[in-house]
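Structure first, then comments.
A short reminder: the numbers here are calculations on the coordinates, not readings from a lab. Keep in mind the model is a prediction, meaning the values are calculated, not measured. Counting neighbours? That spans all protein chains shown, and the Cβs are built from the backbone with ideal geometry, glycine included.
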Amino acid sequence: MAEEIKKGLVLLDFWVSPFGQRCRIALAEKGLPYEYSEQELLGTKSELLLRSNPIHKKIPVLIHDGRPVNESLVILNYLEEAFPDAPPLLPADPYARAQARFWAAYSDKVYEVGSRLWKTKGEAQSQARAEMLQVLGNLDGELGEKPFFAGEKFGFVDLALVPFMPWLTPSFERYGGFSVAEVAPRLAAWADRCMERESVAKTLYPGEKVDEFITLLKKKYGIE
Amino acid sequence: MGETVKVIGAFDSPFSHRAEVALRLKGVPYELLLEDLGNKSDLLLKHNPIHKKVPVLLHGDRTIPESLVIVEYVDEAFQGPPLLPADPFDRATARFWARFLDDKCSTPFWLSLWTEGEVQQGFMKEIKGNLKLLEGQLKGKRFFGGDTIGLVDIAASGFAHWLPLFEEVAGVTLATPEEFPDLCRWGKDYTSHDTVKQCLPDRATLLARFTAKKDMFVSTVKSMAPKS
């Protein structure tokens, strides 16, 4: 039976997912209308999700005119290229684009290392802490005195990284015993600056809500 | 004509090969600076302070690390045959599979070579499953990129040239022509391609070097393998 192809954009997502939030912020910045579809991740995954992302079975998935695009950074690049008339988030110059792609991918480390902070104890946790301080230092250094990573304008790297900030504060900070304001002061100021943008403020949840979610996950996975 | 292009690379490294093959396919002349990864140079550490890894592309005064970022940069910065498809959806698909290779294939591949017993069986099953998924992307085409080599071929090049070598050194069989007919055929087409051949490290030399390092690989893997 032929299935009718749904026109337009559908985002399969999960409310607190920072990877999904990257896509939501990008869609808002580009002024692109889309249907948001909240997915059940802690229970049974939907047919649509399993069909759209059979390899990883993860969100976010962007479905455009019935065709799925997977992986948040792949989705961000796709939005740039499929909607060339919408405001760009990547610079035009190839070198600036390469730098943006490098740092956007690097920002994944905040979540990857941060997750180890609440999932582990002892030596594994200390190692994660040391790595996190290095990652934050590197990001702070790359930002430097600029208002945003690419300079004057909010762009690709900013939106790739900013969804991790409510995970850092208070959760990762508490589990790791550090303060972003102390180890990466420019990054902390940048995070506040990003929150002044409507797309960011309307998409991100407060750190306390994220903290509640992490506590829920810990219970679910039986992590002390 | 144009600015100087250099690649900081390493003889053994399939990631280094990715940078070289991208430049050659675009017809961009470059100088290769070979690193001894056991004794990294100040040049490498200066140009890739974050990861301290090869390859790094130096183009004039620009520095670009990370092999897949380099390939996309080369595609955008230089004229020549495109390395990515034109259509945005096809580009997204190519980027997805390139990431899949790095995120889902590199580690289980490496661990399947140097572990033993049940642990090894687990990694072998994982890498074979992922290679099957990758093979499915060929769909009767000569290359992942179609008639010409593209991003996914370049990203998968480790499985064309290095896989059989490591199988030999480790005494492990992962991808036979019977089980992976399309992938093995692709591997031969890739490694015999005129442009690719120019920057593939010599097989005999690689074999000797990896054989000499086998014990070291086994011991480093002991620290890599996730605890069950």
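Give me the net charge for the shell around A:Val162: Cβ to Cβ below 11 angstrom, other residues only, Lys and Arg +1, Asp and Glu -1. Residues near A:Val162 contribute +1 overall. Beta-bridge orientation, chain A: approximately 70 percent antiparallel, per DSSP, counting only bridges with both partners inside. Ellipsoid fit via the Cα gyration tensor, region A:1-55: semi-axes of 21, 18, 8 Å, each the root of five times an eigenvalue, largest first.
Expressed in units of 2.2 N^0.38 Å, where N is the residue count, the Cα radius of gyration of the protein assembly as shown is 0.99. Legend: distances between Cα atoms for B:Lys26/B:Lys141; B:Lys104/B:Lys132; B:Lys40/B:Lys197; A:Lys119/A:Lys202; B:Lys6/B:Lys52; B:Lys141/B:Lys188; pairs beyond 19 Å are B:Lys26/B:Lys141; B:Lys40/B:Lys197; A:Lys119/A:Lys202. As a ratio to 2.2 N^0.38 Å, the alpha-carbon radius of gyration for chain B is 1.01. Counting Cβ atoms of other protein chains within 10 Å of each Cβ in A:60-72 and taking the mean gives 2. Ordering of A:111-118, B:208-215, B:30-37, A:131-138 by packing is A:111-118, A:131-138, B:30-37, B:208-215, highest average first (other Cβ atoms within 10 Å, averaged per residue). Computed over chain B, relative contact order equals 19 percent, with contacts defined as Cα pairs under 8 Å that lie 6+ residues apart. Here the label points at B:Arg142 and B:Ser41, each 7 Å from Cα along the C-beta direction, are separated by 3.6 nm in the simple model. Remark on B:Gly145: its backbone amide H falls under 5 Å from those of B:Gly150, B:Asp153, a criterion applied only to residues 5 or more positions apart or on other chains, H modelled at 1.01 Å from N.
Each of A:Pro68, A:Leu27, A:Gly122 was scored by the projection of its Cα onto the charge dipole of chain A, and the greatest displacement toward the positive side belongs to A:Gly122; charges sit on the C-beta of Lys, Arg, Asp and Glu.
The listed peptides B:47-54, A:159-166, A:146-153, ordered by packing as a protection proxy, come out as A:159-166, B:47-54, A:146-153 (highest mean of other Cβ atoms within 10 Å first). Our note on the geometry: Cα centres of region B:114-187 and region A:20-66, 30 Å apart. All other residues whose Cβ lies under 15 angstrom from that of A:Glu80 are scored, Lys and Arg at +1 and Asp and Glu at -1, for a net of -4. Across region B:46-55, computed HN-Hα scalar couplings (Karplus, 6.51 cos²θ - 1.76 cosθ + 1.60, θ = phi - 60°) run 6, 8, 9, x, 6, 9, 6, 10, 9, x Hz from first to last residue, x flagging Gly and Pro. Each Lys or Arg adds one and each Asp or Glu takes one away; over the other residues whose Cβ falls under 11 Å from the Cβ of A:Arg97, this sums to -4. Annotation: amide H-H contacts under 5 Å for B:Leu32 (H modelled 1.01 Å from N, sequence separation of 5 or more, or interchain): B:Val7. Contact order for region A:115-224, expressed relative to its length and based on alpha carbon pairs under 8 Å spaced 6+ residues apart, stands at 29 percent. Among beta bridges identified by DSSP and lying wholly in the protein assembly as shown, the antiparallel ones come to about 70 percent.
Taken over region B:58-178, the ratio of Cα radius of gyration to 2.2 N^0.38 Å equals 1.18. Relative contact order of region A:82-180, taken over Cα pairs closer than 8 Å and 6 or more residues apart, is 35 percent.
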